[in-house]
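Student: The structure under discussion is supplied below as structure tokens; questions concerning it will follow.
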Amino acid sequence: RIYPTLLVTAWVLTPLADLVAKGSAGPFQCPNNWWWMNLWFVNNFVVWGQEYSCVGQAWSVSVELQMYVATPLLVGLAWAVARLAGGQRRPWLTPVRCVVAACALGLAACFAVRLRYETAHAVAVHHNDYYMRTQYRFGTYLCGVAAGALATDWKAHDKLAAKGRGGAAASLALLACAAALLGAPLLGAQASGPAPSVGGMPEGLVERFPAAVRLWSAMSRPVFGVALAGLLMLCSCGCAPRVSRFLGAKAWRPVAALSYSMYLFQFVNWGFVRALLGSAAMAPAETLDEHSPRWLVALVAWLYIAAFILADLPLSLLNHLLVERPCIKLGQRLAPGAKTGSGPSPADAECGPEGVDDPTREPLLRARTVRRPTAV
């Protein structure tokens with residue numbers, strides 16, 4: 001699923017969009033001398049720019065694949081520590097607890113590295129390094145690994161029902177997720193963004209509360225990861241049934257199916273839209289400057305997100321039907337024992353007698369399937 005869509009983006013759609021827009025479709029050119037770095041999933045460590053970036057947004061695919069490779073090493077290390085230091089002498093030192101402890105330490109390290117960057121850079125001289133490098137991103141992923149390990153362990157030891165008394169905690173987790181999501185367009189994602197109106201904090205906040213601003217910048221993504229992981233755990237315990245039904249609704253399945261294509265095609269499709277609409281496509285954004293109120297910036301940002309999604313649907317659906325699904329079927333034939341998000345997964349066995357239709361379990365299945373929302 002990953003490689004074919006990536007190749008279609010690099011070899012077909014990006015050059016076509018650049019040709020249609022006469023060289024103004026976007027900041028990337030494919031192919032170039034460095035396009036092959038996408039295939040080895042190390043393109044998030046190259047210099048950002050038109051001459052070096054082929055499928056620019058594929059840096060996050062590289063980050064994810066790097067963390068997927070590291071996960072078995074983390075689990076193996078936790079198993080070895082529990083086997084050597086636990087046993088009858090320390091029965092409480094289980095592999096699952098070692099995994100959770102390692103993830104907690106990794107999350108703290110990620111936060112420390114992010115905070116160190118924020119305090120060391122007054123402006124984003126290396127903003128793309130901070131945005132794309134794995135060392136600033138892995139904290140949220142570790143939250144998911146810890147949540148999955150705990151939920152699986154609780155299920156195996158029939159502890160899910162005993163953990164299902166956390167309605168207030170579920171509300172707090174949902175509130176933290178909402179604060180992290182809405183705070184980015186309202187307050188900015190980082191103190192050292194490339195411009196006050198594009199990703200960075202307002203200059204007034206930076207000048208008045210420099211320490212608080214940098215602390216928010218460093219902790220916003222890790223806090224969102226902790227909140228989301230906690231919310232999924234609470235859903236698996238049955239203490240957030242309404243959220244479980246919402247996240248586990250069948251209406252999300254088409255979104256899950258198209259999410260990967262939509263992510264890789266987003267700038268290509270937007271290039272086609274800009275070629276068709278001309279200067280009118282960017283007219284709302286061009287009216288903004290450093291003096292624009294933050295609510296107006298947030299409103300325009302969400303409008304562009306909606307426009308991105310609508311423009312992204314047609315070609316993404318076509319790619320899913322003609323490229324992704326056939327390649328997934330081919331992979332299933334070549335590896336009959338492998339499971340994908342489109343069919344049964346190991347989580348099915350964790351769902352108890354109700355199976356995947358149990359609303360308290362299904363968010364974990366959906367979380368394994370959904371790629372990510374398309375981002376402006």
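Student: Report, by residue number, each residue of segment 225-267 that is in contact with a Cys (Cβ under 6 Å, 6 or more places away or on another chain), open to solvent by 50 Å² or more (accessible area, probe 1.4 Å) and closer than 30 Å to residue 316 by Cβ.
Tutor: The answer is 228, and nothing else.
Student: Look through 17, 10 and report the one residue that is surrounded by 20 or more Cβ atoms within 10 Å (Cβ to Cβ), modelled with pLDDT under 75 and either in a loop (DSSP other than H, G, I, E, B) or at negative phi (or both). Spell out how you get there, then give the answer.
Tutor: Working: 10 fails: modelled with pLDDT under 75.
So the residue among 17, 10 that is surrounded by 20 or more Cβ atoms within 10 Å (Cβ to Cβ), modelled with pLDDT under 75 and either in a loop (DSSP other than H, G, I, E, B) or at negative phi (or both) is 17.
Student: Looking only at segment 283-313, which residues are more than 21 Å from the chain's Cα centre (by Cα) and open to solvent by 50 Å² or more (accessible area, probe 1.4 Å)? Spell out the reasoning first.
Tutor: As a first pass, look at segment 283-313 and keep what is more than 21 Å from the chain's Cα centre (by Cα): 283-297, 299-300.
Answer for segment 283-313, where residues must be more than 21 Å from the chain's Cα centre (by Cα) and open to solvent by 50 Å² or more (accessible area, probe 1.4 Å): 284, 286, 287, 289, 290, 291, 293, 294, 295, 296, 299.
Student: List the residue pairs whose Cβ atoms are under 7 Å apart, where the first residue sits in segment 226-250 and is touching a residue at least 60 places away in the same chain (Cβ under 8 Å), the second is among the hydroxyl-bearing types (Ser, Thr, Tyr) and crowded, with 21+ Cβ neighbours inside 10 Å, and the two are 6 or more positions apart or on different chains.
Tutor: That search, which allows pairs on different chains as well, returns 235/244; 235/360; 236/360; 238/360; 241/360; 244/360.
Student: Could you go through segment 268-275 and let me know if any residue there is touching a Lys or Arg at 6+ places or on another chain (Cβ under 6 Å), aliphatic (A, V, I, L, M) and free of Cβ contacts under 8 Å to residues at least 60 places away in the same chain. Please lay out each step first, then the result.
Tutor: The initial filter retains those residues of segment 268-275 that are touching a Lys or Arg at 6+ places or on another chain (Cβ under 6 Å), namely none.
No.
Student: Restricting attention to segment 110-121, does a residue exist that is at pLDDT 75 or above, more than 24 Å from the chain's Cα centre (by Cα) and part of a helix (DSSP H, G or I)? Outline the logic, then answer.
Tutor: Step one: list which residues in segment 110-121 are at pLDDT 75 or above, which gives 110-120.
Filter again for more than 24 Å from the chain's Cα centre (by Cα), leaving 119-120.
Right, trim to part of a helix (DSSP H, G or I) and you get 119-120.
Checking segment 110-121: at least one residue is at pLDDT 75 or above, more than 24 Å from the chain's Cα centre (by Cα) and part of a helix (DSSP H, G or I).
Student: So, in segment 227-254, exactly how many residues are modelled with pLDDT under 85 and part of a helix (DSSP H, G or I)?
Tutor: First, the residues of segment 227-254 that are modelled with pLDDT under 85: 227-228, 230-244, 247.
From what is left, the residues that are part of a helix (DSSP H, G or I) are 227-228, 230-237, 241-244, 247.
Residues that pass the stated criteria total 15.
Student: Can you say whether residue 114 is basic (Lys, Arg) and surrounded by fewer than 17 Cβ atoms within 10 Å (Cβ to Cβ), as far as the supplied structure shows? Reasoning before the result, please.
Tutor: Details: basic (Lys, Arg): yes; surrounded by fewer than 17 Cβ atoms within 10 Å (Cβ to Cβ): no.
So residue 114 fails the test.
Student: To continue, here is another question. Determine whether residue 298 is among the small types (Gly, Ala, Ser), in contact with a Leu (Cβ under 9 Å, 6 or more places away or on another chain) and at pLDDT 80 or above.
Tutor: On the way: among the small types (Gly, Ala, Ser): yes; in contact with a Leu (Cβ under 9 Å, 6 or more places away or on another chain): yes; at pLDDT 80 or above: yes.
So residue 298 passes the test.
Student: Out of all the residues in segment 314-328, which are over 14 Å from residue 259 (Cα atoms) and open to solvent by 50 Å² or more (accessible area, probe 1.4 Å)?
Tutor: Within segment 314-328, 322, 326 qualify.
Student: Checking the condition at pLDDT 80 or above and at negative phi, which residue from 265, 272, 308 passes?
Tutor: Working: 272 fails: at pLDDT 80 or above; 308 fails: at pLDDT 80 or above.
None of the other options fit; the residue is 265.
The values are calculated or read from the model by the stated rules, or taken from the named source; none is laboratory data. Everything quoted here is computed from the prediction, not taken from an experiment. Please note: Cβ atoms are built from the backbone with ideal geometry, for glycine as well, and neighbour counts cover all protein chains shown. Only protein heavy atoms, including side chains, enter the accessible area calculation; ligands, DNA and RNA are left aside. Shrake-Rupley method; radii C 1.70, N 1.55, O 1.52, S 1.80 Å.
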